[in-house]
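Notes for the one structure printed next.
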Amino acid sequence: MENKPRETWSSRPMFLAAAIGSAIGLGNIWRFPYIAYENGGGSFLIPYVIALVTGGVAMLFFDYAIGHRFRAAPPLAFRRIARWAEPLGWVQTLITFFIAVYYMAILAWAAFYTYYSFTLAWGDKPNDFFFKDFLQMDGSSTYSGKYLGVLTVVLIVIWLALLLVMSFGVERGVGQVSKFAVPTLIVLFIAITARALTLEGASAGLNALFTPNWEALTKPGVWMAGYGQIFYSLAVGFGIMLTQASYLKRRTDVTTTAWTVAFANSSFEVLAGIGVFSALGFMATQSGQEIGDVVTNGIGLAFIAFPQIISTMPGGPIFGVLFFGSLLLAGFTSMFSIIEVPISACMDKFNLSRRPAVILVGGLAAVISVVLLPTTSGLPALDIMDAFINVMGIVLIAAVTLVAVGWGAGMFPVLRDHLDAVSTLPTKVWWIACVGVLTPVVLTVTFVGNFWDLVQSPYGGYTGTQLLVYGWLLSLVIYLGSILLSAVAWPKGTSFDVPKEFQLSAKAALREQAASKPMTLEGEK
């Protein structure tokens, strides 16, 4: 049986809306401001921009080129490169599957806090409210089995909403929703930032964020942090952008699209930094503390620090609804591209149509998510899964893929020619130098450092059993699962060749362009 015709985006703006929605997620809002502050403030923008160009854009080129040329989700795309490369694609696929499992729980929390903002339900002690009242956290149990009833219901509803959108496909589902949701998200956060800038103490927060510490540029860790933030926020190297690009039409300006997505993502991060630190400046002023005493990131920033800010600021409930609504919307648009990777891979591998694949893959992810996370032991499970997937999954597989596929399979020149054949901005020499040398080195150093941290001391102070189940065993499931899935036979008639119409080269592109130009008077002579 031949592969079914692949869906395509109807237009480049539709793809851009989905790709930007994918890139703009929770990390832009709650991670970038803290990373910038901790690594030199204003001076951090120098390594950040360099990392954006040499790491982020270069990796987007790599992902987009593979997806566009080989027209498949990671497993089939890498199988079309080489038989031995298929497990790399399944590792990327399983990474995104498990990210989807725990990412949705955070969206459920954001939905609750959007509602809680109306009444400032967390009171004067947002820390106690979050851990004790809302999550009733059991920090020592591996699996408590004690469910938080309403949270469970909300998580199920959000999963159903997501799978409904996914069932309509990349164009009528993801594209149409992203076209509305992404501009709405940007408008919401502009409103949040504008309000935060009017708060007393906002200037102190901005000074803390943007005052440069030039000495920080001499520290290797600061440069590594720049690359880490770019890789984290752009979602490159683990199948998401590759899958998105597999739905692009044949004649798509891939490199210009990559630049657009990268700078849109970074612009939103800077906007988020301004809004977050303006609010933190207000918090410090009200409490009589230094900015450094109130700065935090991740879950602590979103669900503890911001509720405290919202409680003390004029018009706090409105600000809270906007902030947590933005978190919910940012996470929801990112989820489209996260869950699309395993759905698309399942469609390719088992020759399924979209809706059965959505039910199978999305349903399984939803069941695992609902069983594990809306419990009193859910937060530790989520935290450990996130930490181990980032280190043992994303960073490691990105480095291995670049070396194995780029150099081992000799794909760098092929992908460069493909990009140059369809794009107006040429790759030139810098691209292979960045993606073939610089990025693998940065990723390897990052992996070694982070892996050593995981081995040296118990992550987060969790128990050995918790770390074994949600960290080390999860990593084993991902890598062993990739081997087992690769051993499953592909449907009869599956083509492992590059689709003929996508066997593009720069010379062929020039011939096409020449043939498509209208004849001039001189030409007619």
Reported set for the stretch 367-376 where residues are of a type in the set (S, T, N, Q) and crowded, with 23+ Cβ neighbours inside 10 Å is 369, 375
Reported set for the stretch 205-244 where residues are within 14 Å of residue 57 (Cα to Cα) and assigned to a helix (DSSP H, G or I) is 226, 227, 228, 229, 230, 231, 232, 233, 234, 241, 242
**Prompt:** If you go through the stretch 313-320 one residue at a time, do you hit one that is closer than 29 Å to residue 19 by Cα and surrounded by 17 or more Cβ atoms within 10 Å (Cβ to Cβ)?
**Reply:** yes
Margin query: Can you confirm whether residue 333 is touching a helix residue (DSSP H, G or I) at 6+ places or on another chain (Cβ under 6 Å) and in contact (Cβ under 8 Å) with a residue 40 or more places away in the chain?
Written below: yes
Matching residues in the stretch 441-465 (in contact with a Phe, Trp or Tyr (Cβ under 9 Å, 6 or more places away or on another chain), part of a helix (DSSP H, G or I) and within 18 Å of residue 378 (Cα to Cα)) number 1
Going through the stretch 410-431 in order, the residues found to be within 25 Å of residue 84 (Cβ to Cβ), in contact with a helix residue (DSSP H, G or I) (Cβ under 9 Å, 6 or more places away or on another chain) and open to solvent by 30 Å² or more (accessible area, probe 1.4 Å) are 413, 414, 416, 417
Residue 251 vs (1) closer than 30 Å to residue 72 by Cα; (2) touching a helix residue (DSSP H, G or I) at 6+ places or on another chain (Cβ under 7 Å); (3) open to solvent by less than 40 Å² (accessible area, probe 1.4 Å): all pass except (3)
Going through the stretch 392-440 in order, the residues found to be of a type in the set (Val, Ile, Thr) and in a loop (DSSP other than H, G, I, E, B) are 424, 427
Looking at the structure I just gave you, is residue 199 assigned to a helix (DSSP H, G or I), touching a residue at least 60 places away in the same chain (Cβ under 8 Å) and either of a type in the set (Gly, Ala, Ser) or in contact with a helix residue (DSSP H, G or I) (Cβ under 8 Å, 6 or more places away or on another chain) (or both)? no
- Query: Would you call residue 12 touching a residue at least 24 places away in the same chain (Cβ under 8 Å), of a type in the set (D, E, K, R) and in contact with a Leu (Cβ under 9 Å, 6 or more places away or on another chain)?
  - Reply: yes
Residue set 200, 269; condition over 23 Å from residue 298 (Cβ atoms) and in contact with a Ser or Thr (Cβ under 8 Å, 6 or more places away or on another chain); output residue 200
Checked the stretch 348-366 for anything of a type outside the set (D, E, K, R), open to solvent by 10 Å² or more (accessible area, probe 1.4 Å) and part of a helix (DSSP H, G or I); matches are 350, 356, 359, 360, 361, 363, 364, 366
Filtering the stretch 286-310 down to residues that are surrounded by fewer than 20 Cβ atoms within 10 Å (Cβ to Cβ) and either at pLDDT 90 or above or under 30 Å from residue 241 (Cα atoms) (or both) yields 296, 297, 298, 299, 300
Just one listed residue, out of 277, 319, 306, 282, is outside any loop (DSSP other than H, G, I, E, B) and without any contact (Cβ under 8 Å) to a residue 60 or more places away in the chain, and it is 306
Counted residues in the stretch 455-480 being of a type in the set (A, V, I, L, M) and crowded, with 18+ Cβ neighbours inside 10 Å come to 3
Of the listed residues (245, 272, 235), the one being of a type outside the set (Val, Ile, Thr), in contact with a Gly (Cβ under 7 Å, 6 or more places away or on another chain) and buried (at least 22 other Cβ atoms within 10 Å of the Cβ) is 245
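The values are calculated or read from the model by the stated rules, or taken from the named source; none is laboratory data. All values derive from a computational prediction rather than experimental measurement. Every residue, glycine among them, receives a Cβ derived from its backbone with ideal geometry; neighbour counts consider all protein chains shown. Only protein heavy atoms, including side chains, enter the accessible area calculation; ligands, DNA and RNA are left aside. Shrake-Rupley method; radii C 1.70, N 1.55, O 1.52, S 1.80 Å.
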